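Structure first, commentary second.
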There are 2 protein chains.
Amino acid sequence: MSELRRNLAADEWIIIAAERAKRPEDFAAEQEDRRGLPEYSPDCPFCAGNEAKTPDEKVRIPGRADGQGGSWRVRVIPNKFPALAWDNRGPGAVERRCEDWRLWMPGVGDHEVIVESPRHNVTLSTMPPQDLALVLDAYRRRYLDLDANPGNELIIIFRNYGAKAGTSLFHPHSQLIATPVVPSYVRQRVAVGMRYFDENGRCVYCVLMEGELKDQVRLVAQNDRFVAYCPYASEVPFEVWIVPRRHDASFGDILPDEITGMAVILHQVLDRIATVLGDPDYNYVIHTAPQHSGGVPYYHWHLEILPRLTTRAGFEIGSGMSINTTPPEAAAAALRGEPPP
Amino acid sequence: MSELRRNLAADEWIIIAAERAKRPEDFAAEQEDRRGLPEYSPDCPFCAGNEAKTPDEKVRIPGRADGQGGSWRVRVIPNKFPALAWDNRGPGAVERRCEDWRLWMPGVGDHEVIVESPRHNVTLSTMPPQDLALVLDAYRRRYLDLDANPGNELIIIFRNYGAKAGTSLFHPHSQLIATPVVPSYVRQRVAVGMRYFDENGRCVYCVLMEGELKDQVRLVAQNDRFVAYCPYASEVPFEVWIVPRRHDASFGDILPDEITGMAVILHQVLDRIATVLGDPDYNYVIHTAPQHSGGVPYYHWHLEILPRLTTRAGFEIGSGMSINTTPPEAAAAALRGEPPP
């Protein structure tokens, strides 16, 4: 028998329907084999040695003093085909244009690529956590820089891993898009957090994290700075949230030792996902408060990892509700290396 | 240069970024070749002759009097692995259960399959419109029957065509799910329609349809009952909406001659999509008002067709906003068989 569970942070129901659940090994058998890729690919614009194929960089984290591993470790570059770009346009470009019944505005904003390593054939789950900390620090630096432009209303940092997650480029990279509007989808989640705060005097994400720590069954990993769990109302099989213990609405406020703690737990979780599920495609997204609301008590930045093991179909598209065939309790047990509950 | 366009019916921005747009023939070249399938497949549970593989049927539209084409033309059956099922549970099953911080309820509802033809190798774009009208009438009959259960709050009828759209079963079929809750996603759209109505005294869908008829550039087809167009703020390439000219909030109110008109235009649009884009995978969904709000002036039922030509990635997942690489003006021109504008 299936059940509906309420996602208190999104005010949405999800359906847990385990009748047709696949085992982790069934998911694993369906995945692409990415082993055997070369360390350098001549056609790859992100490989060390091919820097001329990309626009001028915004950030370069230099290589090690001993010269080992090349001249840089992380680069951030503008996207060559940006979805949004300021292109020297000023604040006037964010004004809405109304023509008859059509409402539009120019596509201003920022779209950048974070190249996570000079090497083609590594990825976050195989890189040492120290290198991952450099990637997270590059996120932070770009976040703060773009946050200083008052025309940017939201900064979304995300990673598409594999073709099912929307990228055909294997070289390890993530992306950042700054939008000149607050998407309604985000505004709605902020409003849910606000209402919960007004009712209960607490941040709903703090409450959910404490609940998961108390229940234990959905925990995947934890350290002194972060908790990782498959949320009670997971939308997709093996969804994992990584949530900072310290309440803060904005990713831009991340502290140096939080970067270290996040690198460790992110590496750990991605490694478990790759091991248990056969290196599946996934997206991750850093959810953070819109600009001008960094200090609010009712939103809590966090990272959501969504493996692409199943396909969103007509019901999900039409209703906004998800049908999840793997209960998060079973997913978390598998990720911890334990038998199903 | 990209632009942001406002979807007035969802209160959301979408990004039209045509820099990396593919031509229709590029999309077509990527599609699966589904020609050469047999008329009957021994393993298919939906083929004529294999009726014993499925649960008892809810609707059977009998075959032609002359016996041509078999003993039935459309069947509706319960889904063998339902996401939601009443299973003889009464109205008490819709009560919410709160355990500590976890809010849930049993997975009650209905989940049915509409088998659209006894033949394995046809589909809506190759079936004659008269047969399609029988499918739409089966939708209507099941809608009204399930709407009579006060525990069902929303009825979603949808079609998944092809693996990218979430089905591995080729035999022509659609599905229906009745949910015991109104999804927030739907509630939000109803609220947008309500606010628009309160501000402007008009149904936003009527206003958008009139705007599209006036602008013409995004029209795909029309008849005396329905208008088909690629909406101004299309979320995905070649998205098409089929909207009844007569304002009505609920699909359950569809009139007999509207079924005929809808069958004609749906066949026409799906045929154009298959021809121009190489028979791509797609989802369609009938959007209709939640139960108890059939007569409202602020919602307008319609069908949305979403070809699965691109992949939803981290940005879309995290922001709820879409990046659409094909302007709807170009999509509509291609579907009309005209050169790009």
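Just so it is clear, none of the values below were taken in a lab; they were calculated from the coordinates. Keep in mind that this is a model prediction, so the values were computed, not measured. So basically every Cβ, Gly included, is an ideal-geometry build from the backbone, and we count neighbours across all protein chains shown.
Details
- Per residue, the Cα convex hull of the range A:12-65 amounts to 257 Å³.
- Placing a label point 7 Å from the Cα of B:Met194 along the Cα-to-Cβ direction, the distances to the matching points in the other copies come to 1.8 nm, shortest first.
- Near B:Trp72, the amide H atoms lying under 5 Å from its own belong to B:Gly63; only residues 5 or more places off or on other chains count, and H is placed 1.01 Å from N.
- Amide hydrogen proximity for A:Asn324: with H placed 1.01 Å from N in the peptide plane, the residues at 5 or more positions away or on another chain lying under 5 Å are A:Ile15, A:Ile16, A:Ala17.
- B:His247, B:His302 arranged by Cβ crowding within 10 Å, fewest neighbours leading: B:His247, B:His302
- Peptide A:93-106 - average C-beta neighbours from other chains (10 Å radius): 4
- Order of B:Asp110, B:Asp271, A:Asp100, A:Asp131 under a 10 Å beta carbon neighbour criterion, fewest first: A:Asp100, B:Asp271, A:Asp131, B:Asp110
- A cut-off under 12 angstrom between Cβ atoms defines the neighbours of A:Pro78, and their net charge, with Lys, Arg +1 and Asp, Glu -1, is -1.
- The amide H of B:Val227, built 1.01 Å from its N in the peptide plane, has B:Val243, B:Arg245 as neighbours under 5 Å, considering only residues 5 or more places off or on other chains.
- With the highest mean first, a sort of the peptides A:210-221, A:313-324, A:19-30 on other beta-carbon atoms found within 10 angstrom per residue produces A:313-324, A:210-221, A:19-30.
- Charge dipole (the range A:41-108, unit charges on Cβ, about Cα centre) - positive-most of A:Gly107, A:Gly92, A:Gly67: A:Gly67
- Base-10 log of normalised Debye intensity for the range B:3-336 (one unit scatterer per alpha-carbon) at q = 0.07, 0.12 Å⁻¹: -0.30, -0.91
- Put simply, the range B:8-102 fits an ellipsoid with semi-axes of 36, 34, 15 Å; these come from the alpha carbon gyration tensor as the roots of five times its eigenvalues, largest first.
- Rel. contact order, % - alpha carbon contacts under 8 angstrom, at least six apart, chain A: 22
- Mean ellipticity per residue at 222 nm, deg cm²/dmol - from DSSP H runs of n ≥ 4 across chain A, formula -39500 (n - 2.57): -8500 deg cm²/dmol
- Candidate lysines for bridging to A:Lys22, where Cα separation is under 26 Å - those fewer than 8 sequence places away on the same chain excluded: A:Lys164, B:Lys53, B:Lys80, B:Lys164
- Cα pair count fraction exceeding 14 Å, expressed as % - the range A:179-223: 62
- Using alpha carbons only, the radius of gyration of the range A:228-341 set against its Kirkwood radius gives Rg/Rh = 1.00.
- ³J(HN,Hα) computed for each position of the range B:77-82 - Karplus, 6.51 cos²θ - 1.76 cosθ + 1.60, integer Hz, glycine/proline x: 10, x, 5, 5, 10, x
- Based on Cα atoms of the range B:86-228, Rg over Rh with Rh as the Kirkwood radius reads 1.04.
- Across the range A:114-236, Cα pairs under 8 Å and at least six residues apart give a relative contact order of 20 percent.
- Taking only alpha carbon atoms, the protein assembly as shown gives an Rg to Rh ratio of 0.96, where Rh is the Kirkwood radius.
- Span-rule helices in chain B, defined as complete DSSP H runs reaching 20 Å or more along the axis (Cα) with Kyte mean at least 0.0: B:256-277
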